[in-house]
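Structure, as structure tokens:
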Amino acid sequence: MGFDRGDTDPTPRGTDDVRPWRSNRSSGGENSSRLLLRPVDWLRPAMDSENRFERRLLFENFTIAGFKELRADLEDELRRSPTDTARYQLATVLAQCMPDQHSLARAEELLAGATGRGNDLPPSLRAAARDVQRSVRSMLLESESPSSGRLAQVNWGIYNRCPLVCVGCYNIFNSDQLSLREAKASVEKLARAGVEELVISGGDPLEWEGILPFVDHAYDCGLDVALDTVGYSFTAATAAALSGKVSYLGLPVDGSGQDMIADFRKGKNDLLVRVRGALELCGEFGIPVKVNTTVTKGNIDDLEDVAQLLCQYEAVVSWSLFQWWDLRRTPALRERMHVERDRFRERTLRLSLAYPSLGIWSQDVSRRARTHFFISANGEVYTFDSGSLSTIILGDIRAQSMSELIGSPALRKNSPKFSRSFPIPPVVKATLLANR
């Protein structure tokens, strides 16, 4: 899913409008007329559109170029009018785009002034400033720790279009897209750096016309390739092309019935039927499946029924359960979706004991913060913070070396992505490898 830079007709707030637009794929046939969806309000950040600083969160502005322009403006503003609001805003920009030890030290100095005694920060910004300060201090500590070196796993949102609109999506839907040639060159860079596993997602990667040659190239480069898709357009022809090339296919199952799923993934009223068809095809073509479930307040009591549904499919070798993440969300949406960490942990532990054959693996938000090395569709690399910084830009896969990107203090080097590939039980990993 995504939108064009020229889209000036935003969805009215408070509606469930998921207005379609036509895919620009040129391959012809059914795919060329498939309706893809524009982002709606729950995908857009909560922000004051008149505020230049907050407008950095708009998809078209959330780029290295956009941040550099904003930083220059804020530097000028701070020289002309050194308010604590300007200090907080500049510190946030320094920490959110390509942070290094020098820029983080300056951000810490600015925040110390902005949050000190007698500061003139509005009450609405004080909590955010303290939260950014905590993240800055954590990254400064990371910058002083020895790097573990080789990155084992990379996530890549290869395409910004999707047939669904999902309430929990945290992709940045900018409109730029790497060419297949650029993507192939970048995957070669990953392989040379010792990356073992590449997890391809989107949007939906199956909507990208270059996905099959890209998977072939990544496989030929020696990477273990996994592909996360919503499964809506997965066909027998696609299964045949991917069989033997992917370590697993990731499919979403966020409820045991379509009504439950539609509360989270909108736009297709036959999604569960399509996903179940994909599960059958994976069984036929010997493709292992890792099911992904985002756990929310709305579906946590349905997980037992989801487990029983998954047990019907021999292709399922792993089930990942993720606590819903409120990145860039409004307070109202958080109230609707958020599930407490202790409840999430208790429920997922109970399921893992009851269904050992599903290879259950769970992660709450605190364990995911600043662990991802996520390449976006435009080639810029992100990681995700659990605090006010939300998304942090590490750099550009085309412009920076892997050592520069991996060395960013925004990445937690104790992440499992630095020490092993996808953390599932050894017996399940053996099954994945045996089925390749």
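The values are calculated or read from the model by the stated rules, or taken from the named source; none is laboratory data. Remember, predicted model here, so these are calculated numbers, not experimental data. Cβ atoms come from the backbone with ideal geometry, glycine included; neighbour counts cover every protein chain shown. These accessible areas exclude ligands, DNA and RNA; they are computed on the full protein's heavy atoms, side chains included. Shrake-Rupley method; radii C 1.70, N 1.55, O 1.52, S 1.80 Å.
Evaluate E = 1/(1 + (r/R0)^6) for residue 75 and residue 340, where r is the Cβ-Cβ distance and R0 equals 45 Å; express this FRET efficiency to the nearest 0.05.
The value I calculate is 0.65.
Note the full-extension length gain between residue 68 and residue 262 as 0.36 nm times their separation in residues minus their Cα-Cα distance, in nm to one decimal.
Separation in residues times 0.36 nm, less the Cα-Cα distance, equals 65.9 nm.
Taking square-rooted eigenvalues a ≥ b ≥ c of the alpha carbon gyration tensor, is region 130-223 rounded, prolate or oblate, where a/c under 1.5 means rounded and, failing that, a/b exceeding b/c means prolate?
oblate
Longer than 24 Å from Cα to Cα, which of 189/245; 297/413; 68/266; 245/290; 189/413 are they? Say none if no pair is.
Violating the 24 Å Cα-Cα cut-off are 297/413; 68/266.
Per residue, how many Å² of accessible area does region 153-435 show with a 1.4 Å probe?
Heavy-atom accessible area per residue stands at 34 Å².
Express in nm, to one decimal, how much length is gained between residue 52 and residue 109 on full extension, taking 0.36 nm for each residue of separation and deducting their alpha carbon distance.
Separation in residues times 0.36 nm, less the Cα-Cα distance, equals 18.3 nm.
Once neighbouring chains are kept in place and the probe is 1.4 Å, which whole percent of the accessible area of region 122-215 is contributed by carbon and sulfur?
52 percent
Of 108, 284, which has the most accessible area and how do the rest follow, probe 1.4 Å?
Accessible-area ranking of 108, 284, largest first: 284, 108.
What full-extension length gain, to one decimal in nm, is calculated for residue 414 and residue 308 as 0.36 nm per residue of separation minus the Cα-Cα distance?
Extra length from residue 414 to residue 308 when fully extended: 34.7 nm.
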